[in-house]
Amino acid sequence: MQFRDLKKQYQVLKPRIDAAVIQVMTDCNFISGKQVSELEHRLAEYVGVKYCVSCANGTDALELAERVYGIGEGDAIFVPDFTFFSSAETVADLGATPIFVDVDPKTFNISPAALEKAVMKVRALSGLRPRAVVTVDLFGLPADYPAIERIARENGLLIIEDGAQGFGGRIGERRACSFGDIATTSFFPAKPLGCYGDGGAVFTNDDDIAAMLRSLRVHGKSESDKYDNLRLGMNSRLDTIQAAVLDVKLTAFEEYELEQVNRAAELYSQRLAGYLEVPEIAGGFSSSWAQYTVKLPDREKRDALQKQLAAEGIPTMIYYPKCMHQQGAFASLPYGGDCPEAEQLCGRVLALPMHPYLEEAEIDFICDNIKSCL
Ligand SMILES: *Cc1c(COP(=O)(O)O)cnc(C)c1O
């Protein structure tokens, strides 16, 4: 059994993916082929924004989004304490100060109440300027944007949506990667929409920001001339082969994959509710199930269950074993650490196999094993 079965997905999509990749090799348009701009149009339309600017990976997407707004020294950037390292890494890389904010243990996402408190604390105690919040759509579930948008408005904060895991999620009719002032995603193979290598994208409704992103991703070039460098930039492009793969995968995602992961989540929750804490999705919200994460009462029980499942051939993962404020790379940061919920989660969470090709019999096997272990 696979945790995320990319082999099965390839078997299903093989004829279309092979043809798309061979076309790129036949044309030899490996960088900036027409498949890249075609994909950007499809992605922008799917999430419901004006522009998608693709790039080399989800981490670069965050850096591009932060650079385009000039985030740097003296800026306080609020980041959930329970997330993948990139969400805070790019902030610190640019010389800004990440301020870690506790999360809501029910949604795993940034807690609006904790965010409000953290903004007040930074204003009162530091010389830093509260500048932006990086909202992560963790495990596929959009953050609480209605609440966060109000806090951001009242405090003059930019919202940077880290939708690396969120692609396909929704609040009402609004799709993930359309929230905030600017949004990013990742096409790392294991994400909800993954390519066959590294890839990422930035989403914006702003004409000037989109133009600036296109410049920054190719060495700060001018609009018309690659060898006229107006500013310092990056080398961060999505290559044409990845765009060709994503074009096929986006169709499958739209046609049935998103539906299938939601069906798998529903089957899990029906079978496991009452045995351990299953994920809860608030009314109006919809997840793309980058992960299906359950909670055990404590670390000892979680670790024991993981070990017993592994012995039965059932792979599970711990996202995340360490929160941001506990990472060695951030040991010298002056603020943060007041995140008891995030700390607790690190000891209690367990992610179960989740992907669109998971069969009901496999879910039964996993759930039966969990019940007998408990
Ligand atoms: C995966 C991930 C990223 C980084 O994406 P890469 O494509 O691996 O660089 C950023 N933020 C979150 C929340 C992620 O899960």
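The values are calculated or read from the model by the stated rules, or taken from the named source; none is laboratory data. Worth saying up front: this structure is predicted, and the values here are computed from it rather than measured. Note that each Cβ is placed from the backbone with ideal geometry, even for glycine, and that neighbours are counted across all protein chains shown. Each accessible area value is taken on the protein alone, full model and side chains, heavy atoms only, with ligands, DNA and RNA left out. Shrake-Rupley method; radii C 1.70, N 1.55, O 1.52, S 1.80 Å.
Who wins for biggest fluctuation among Phe30, Phe139, Phe78 in a Gaussian network model of the chain, springs between alpha carbons below 10 Å?
Residue with maximal mean-square fluctuation among Phe30, Phe139, Phe78: Phe30.
Karplus couplings for the stretch 280-295 from phi (6.51 cos²θ - 1.76 cosθ + 1.60, θ = phi - 60°), rounded to Hz, Gly and Pro as x?
10, 10, 5, x, x, 8, 9, 9, 9, 6, 4, 9, 10, 10, 9, 10
Would you please give the residues with an amide H less than 5 Å from that of Thr135, counting only those at least 5 places away or on a separate chain, with H modeled from the backbone geometry?
Under 5 Å from the amide H of Thr135 lie the amide H atoms of Ile160, Glu161, Asp162, each far enough along the sequence or on another chain.
Determine the alpha carbon to alpha carbon distance for each of Lys8/Lys50; Lys14/Lys371; Lys117/Lys307; Lys106/Lys307 and list only those over 30 Å. Present the calculation step by step, with values, prior to reporting the outcome.
Values: Lys8/Lys50 34 Å; Lys14/Lys371 36 Å; Lys117/Lys307 39 Å; Lys106/Lys307 25 Å.
Pairs exceeding 30 Å: Lys8/Lys50; Lys14/Lys371; Lys117/Lys307.
Be a star and scan the stretch 45-79 for residues whose amide nitrogen sits under 17 Å from the point 7 Å along the Cα-to-Cβ vector of Glu223.
Inside the label zone: 51-53.
Have a look at Ala143, Ala76, Ala152 and tell me which one the Gaussian network model of the chain (Cα, springs below 10 Å) gives the largest fluctuation.
Highest fluctuation of the listed residues: Ala152.
Under 12 Å from the Cβ of Ala265, count the other residues' Cβ atoms, weight Lys and Arg +1, Asp and Glu -1, and hand me the total.
Numbers: positive: Arg263, Arg271; negative: Glu259, Glu266, Glu280.
Value of the local net charge: -1.
Along each principal axis of its Cα atoms, how long is the stretch 82-144 end to end? Whole angstroms, biggest number first, please.
Principal-axis extents of the Cα atoms in the stretch 82-144, largest first: 34, 26, 13 Å.
What number, in percent, do you get for the relative contact order of the stretch 145-184 if the mean sequence gap of Cα pairs under 8 Å and at least 6 apart is divided by its residue count? Show your work: numbers first, answer last.
Values: 45 pairs, mean separation 16.7, N = 40.
Reported relative contact order: 42 percent.
Mind checking which lysines have their Cα closer than 22 Å to the Cα of Lys7? Skip sequence neighbours fewer than 8 apart in that chain.
Lys191, Lys249
For the chain, what D do you get in µm² per second when you plug the Kirkwood radius from alpha-carbon pairs into Stokes-Einstein at 25 °C and 0.890 mPa s? Walk me through the numbers on the way to the answer.
Details: Rh = 21.3 Å.
For these conditions, the coefficient is 115 µm²/s.
Return the sequence-ordered ³J(HN,Hα) values of the stretch 136-148 in whole Hz as given by the Karplus equation 6.51 cos²θ - 1.76 cosθ + 1.60 applied to θ = phi - 60°, using x for Gly and Pro.
In residue order, the calculated couplings are 9, 8, 6, 6, x, 9, x, 5, 7, 4, x, 6, 5 Hz.
Quick check: residue separation of Arg299 and Leu6 times 0.36 nm, minus the Cα distance between them. What number comes out in nm?
On the way: separation 293, 0.36 × 293 = 105.48 nm, distance 2.97 nm.
The span from Arg299 to Leu6 would gain 102.5 nm if fully extended.
Given 0.36 nm per residue, what is the gain on full extension from Ala311 to Ala190 after removing their alpha carbon distance, in nm?
Values: separation 121, 0.36 × 121 = 43.56 nm, distance 2.34 nm.
Extending this stretch completely gives an extra 41.2 nm.
Accessible area per residue for the chain in Å², computed with a 1.4 Å probe and the full protein assembly in place, what is it? Show your work: numbers first, answer last.
Working: 15740 Å² over 374 residues.
Solvent-accessible surface per residue comes out at 42 Å².
Could you please state how large a percent of the accessible area of the stretch 62-183 is carbon and sulfur, counting protein chains only and using a 1.4 Å probe? Working shown, then result.
Values: 1960 of 3990 Å².
Result for the stretch 62-183: 49 percent of the exposed heavy-atom area is carbon or sulfur.
Just the number, please: carbon plus sulfur as a percent of the accessible area of the stretch 204-351, 1.4 Å probe, no ligands or DNA/RNA counted.
Numbers: 3410 of 7200 Å².
Carbon and sulfur together cover 47 percent of it.
Which percent, to the nearest 5, of DSSP beta bridges fully inside the chain are antiparallel?
On the way: 23 of 41 bridges.
Just about 55 percent of them are antiparallel.
Under the rule of at least 5 residues apart or a separate chain, name every residue whose amide H is placed under 5 Å from the amide H of Tyr196.
Correct list: empty.
Using a Förster radius of 41 Å, what is the FRET efficiency between Tyr69 and Glu343 based on their Cβ-Cβ separation? Nearest 0.05, please.
Numbers: r = 31 Å, r/R0 = 0.75.
Result of the calculation: an efficiency of 0.85.
On alpha-carbon atoms, Rg over Rh for the stretch 230-328 using Kirkwood Rh?
Values: Rg = 19.0 Å, Rh = 17.4 Å.
Radius of gyration over Kirkwood radius for the stretch 230-328 works out to 1.09.
Give me a comma-separated list of calculated 3J(HN,Hα) values for the stretch 32-41, in order, Karplus coefficients 6.51, -1.76, 1.60 applied at θ = phi - 60°, integers in Hz, x for any Gly or Pro.
Coupling constants for the stretch 32-41: 6, x, 5, 4, 5, 5, 5, 5, 4, 5 Hz.
Count charges around Gly156 for me, please; just the other residues with Cβ under 15 Å from its Cβ, Lys/Arg as +1, Asp/Glu as -1.
Details: positive: Arg123, Arg129, Arg131, Arg150, Arg153; negative: Asp75, Glu116, Glu149, Glu154, Asp181.
Summing Lys and Arg as +1 and Asp and Glu as -1 gives 0.
Among Ala20, Phe84, Ala65, which residue has its Cα furthest toward the positive end of the charge dipole of the stretch 8-92, with +1 on Lys/Arg Cβ and -1 on Asp/Glu Cβ?
Working it through, the farthest residue towards the positive pole turns out to be Ala20.
Gly74's amide H: which non-local residues (gap 5+, or another chain) put their own amide H closer than 5 Å, with H modeled 1.01 Å from N in plane and none for Pro or chain starts?
When sequence neighbours closer than 5 places are left aside, the close amide H contacts are Thr97.
Taking 0.36 nm per intervening residue step and subtracting the Cα-Cα distance, what contour gain separates Met234 from Glu266 on full extension?
Working: separation 32, 0.36 × 32 = 11.52 nm, distance 4.21 nm.
Here the segment from Met234 to Glu266 would lengthen by 7.3 nm.
Could you let me know the centre-to-centre spacing of the stretch 1-41 and the stretch 105-144, using Cα atoms, in angstrom?
A separation of 37 Å, based on Cα centres.
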